[in-house]
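*Asks:* Next up is a structure, given as structure tokens.
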Amino acid sequence: MPGASTNRLGEFLRAHRARLEPSDVGLRGGGDRRVAGLRREEAAVLAGVSIDYYTRLEQGRERNPSAQVLDAIGRALKLNSDARGHIFRLAGLNPNLTPGSTRDLVHPALLQLLDSFPTSAAYVLSPAFDLLATNTIADALLSPFSGTTNMVRVLFQHPSARTVFADWPTLVEHVVHALRLNAGYYPNDPEITALVEEFLRTSPEFAALWRDQAVGGLTRMFKVFNHPEVGRVELTYQTFDVRDAPGQQLLVGTPAPGTRSAEAIAYLGSVHAAT
């Protein structure tokens, strides 16, 4: 049997099994428990695998677990998204992330954070680029697209998109590449799948960008808006992953201090806050 130092997956599983009590997973306690935590046979039953298989996995005698087995064990041991991804990597596999049922729910603390950017446009996107939450300035900046809450639809379907977004060709390229990246992270996501299938049928421009197979995340980006109320607005955007809601991203667009764009953003914020 491999030495303990070479059995990182087994060590990780044993440690997390030891942290759980039977009551944590809906089992009755009791009995002679000489050590804390779940027994191996309990973890095996919860994961839907044989006791022998689970034992061999912890002992390092099973070296090639399937993604399905790792996913079941991760759920049985109540691992969070970071820990679930980690056991995949320990087993030499790439994690197949799945957005949870709360994917489209924005945590109250994150909603509060949005309002802490009084001079920036801040909003939260889902993996399918739905606008889940916006602050006042983001609302004002995106007001020409009122009623359309998906950014892919805004860019490819809204009649004002090519006018409002001065750098439309570059922006749609980045968004389609980021959508393809999300589709790789969440291959069974019905919203991403439906969105891609629709636009492959209805938008030749989307289809051309999708076929080039390029991927890339939304990181730092410079955007220029031609806003109907205040004219040209230049913002530098930074994107942050929301760690406790896999797939959600926080985007914050900020103007350079002392510029006309900063004045325009301040004006939009004051006018729309009063409405």
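*Asks:* Counting residues in region 4-90 as N, plug N into 2.2 N^0.38 Å and put the Cα Rg over that result. Can you show the working numbers first?
*Replies:* On the way: Rg = 12.2 Å, N = 87, 2.2 N^0.38 = 12.0 Å.
The value comes to 1.02.
*Asks:* When only alpha-carbon atoms are used, what values of Rg and Dmax, in angstrom, describe region 116-171?
*Replies:* Computed over the Cα atoms of region 116-171, radius of gyration and Dmax are 11.3, 32 Å.
*Asks:* What distance in nm separates the simple spin-label points at residue 166 and residue 111, each placed 7 Å from Cα in the Cβ direction?
*Replies:* Taking the simple label geometry, residue 166 and residue 111 are separated by 3.5 nm.
*Asks:* Compute the helix-to-body angle for 190-202: its Cα long axis versus the longest principal axis of the chain, expressed 0 to 90° and rounded to tens.
*Replies:* Long axis of 190-202 versus the principal axis of the chain: about 40 degrees.
*Asks:* If the viscosity is 1.306 mPa s and the temperature 10 °C, what Stokes-Einstein diffusion coefficient in µm²/s follows for the chain when Rh is the Kirkwood radius over Cα pairs? Don't skip to the end; give the middle numbers.
*Replies:* Values: Rh = 21.6 Å.
My calculation gives 74 µm²/s for D.
*Asks:* Can you figure out the FRET efficiency of residue 146 with residue 215, using R₀ = 30 Å and their beta-carbon distance, to the nearest 0.05?
*Replies:* Values: r = 31 Å, r/R0 = 1.03.
It comes out at approximately 0.45.
*Asks:* If one takes the longest principal axis of the Cα atoms in the chain, at what angle in degrees, from 0 to 90 and to the nearest 10, does the Cα axis of helix 67-76 lie?
*Replies:* Relative to the chain, helix 67-76 is tipped by roughly 80 degrees.
*Asks:* OK, next. Pick from 244, 24, 130 the residue whose mean-square fluctuation is largest in a GNM of the chain, springs joining Cα atoms under 10 Å.
*Replies:* Among 244, 24, 130, the largest mean-square fluctuation in the Gaussian network model of the chain belongs to 24.
*Asks:* With each run of n ≥ 4 DSSP H residues scored as -39500 (n - 2.57), what mean residue ellipticity at 222 nm is computed for the chain after dividing by its residue count and rounding to the nearest 500 deg cm²/dmol? Before the final figure, lay out each step's value.
*Replies:* Working: 13 runs with 125 residues, N = 275.
The per-residue figure over the chain is -13000 deg cm²/dmol.
*Asks:* A further question follows. Sort out the exposed loop trypsin sites (Lys or Arg not before Pro) in the chain (DSSP loop, at most 10 other Cβ within 10 Å) and tell me the longest stretch that has none.
*Replies:* Values: sites that count: 28, 34, 220, 243.
Longest run free of exposed loop sites: 35-219.
*Asks:* Let me ask something else. Using r as the Cβ-Cβ distance of residue 50 and residue 173, and R0 as 51 Å, what FRET efficiency do you calculate, to the nearest 0.05? Working shown, then result.
*Replies:* Values: r = 49 Å, r/R0 = 0.97.
Working from the Cβ atoms, E equals 0.55.
Here, each number is a calculation from the coordinates, and none is a lab measurement. Keep in mind that what you see is a predicted model, and the values were worked out from it rather than measured. Every residue, glycine among them, receives a Cβ derived from its backbone with ideal geometry; neighbour counts consider all protein chains shown.
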